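Every read-out reported here was derived from the displayed coordinates using simple, explicitly stated rules and does not represent laboratory data. The structure presented is a predicted model; accordingly, all values stated were derived computationally and were not measured. Glycine gets a Cβ as well: all are built from the backbone with ideal geometry, and neighbour counts include every protein chain shown.
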Amino acid sequence: MAQVEATTERVVAADAEKVFDALADYRETRPRLLPEHFSEYEVREGGDGAGTLVHWKLQATSKRVRDCLLEVGEPTDGELVEKDRNSTMVTTWRVTPAGEGRSRVVVTTTWKGAGGIGGFFERTFAPKGLGRIYDSVLDKLAAEVEK
């Protein structure tokens, strides 16, 4: 089993603190940022950054649905880490200043992929598909914080 990684980034016209606060708000803002690939969204504990426990289903393809139960941590300033209790998937959101009134948002998801030919296809196609999903999230994030 090989490590699979998908990374997407965007520069947003808003201060890093405002962008981070929007991402860390799992009760109000985060549900508005999720595209149709996410369903059954539910905050089970917390709701604001570290200590949050959130559930959703992620439909990456027409045949592949992940049931995710994510523990949220904040290991460093400007960083949210979502660790899935149901798999090896970890998503890290990093928000850093990118000049006056701008910030860079980088989202990276990693997981242990399948072996064999299935693993080859997963490593080849899954990062692109997940990248498109997170492009949509980042589009909605930009619309939310650039108001």
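Values computed for the structure shown
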quantity: Cα-centred dipole magnitude for segment 1-113, charges only on beta-carbon of K, R (+1) and D, E (-1), debye, nearest 20; calculated: 540 debye
quantity: FRET efficiency estimate (nearest 0.05) - Cβ-Cβ, residue 77 to residue 146, R0 22 angstrom; calculated: 0.50
quantity: Pairwise FRET efficiency - residue 85 versus residue 50, Cβ, R0 = 22 Å, nearest 0.05; calculated: 0.90
quantity: Förster radius 22 Å - calculated FRET efficiency between residue 108 and residue 34, Cβ distance, rounded to 0.05; calculated: 0.80
quantity: The chain - mean residue ellipticity at 222 nm from DSSP helices (-39,500 (n - 2.57) per run, n ≥ 4, rounded to 500); calculated: -10000 deg cm²/dmol
quantity: Taking the C-alpha atoms of segment 1-82, convex hull volume expressed per residue in Å³; calculated: 129 Å³
quantity: Degrees between helix 116-145 axis and first principal axis of the chain (Cα, 0 to 90, nearest 10); calculated: 20 degrees
quantity: Residue (of 60, 91, 76) at the positive-pole extreme of segment 17-92, dipole from beta-carbon charges; calculated: 60
quantity: Relative contact order, percent, the chain [alpha-carbon distance under 8 Å, six or more residues apart]; calculated: 33 percent
quantity: Fluctuation leader among 91, 52, 61 - the chain, Gaussian network, Cα springs under 10 angstrom; calculated: 61
quantity: Stokes-Einstein diffusion coefficient of the chain, Kirkwood radius over Cα pairs, 10 °C, 1.306 mPa s, in µm²/s; calculated: 102 µm²/s
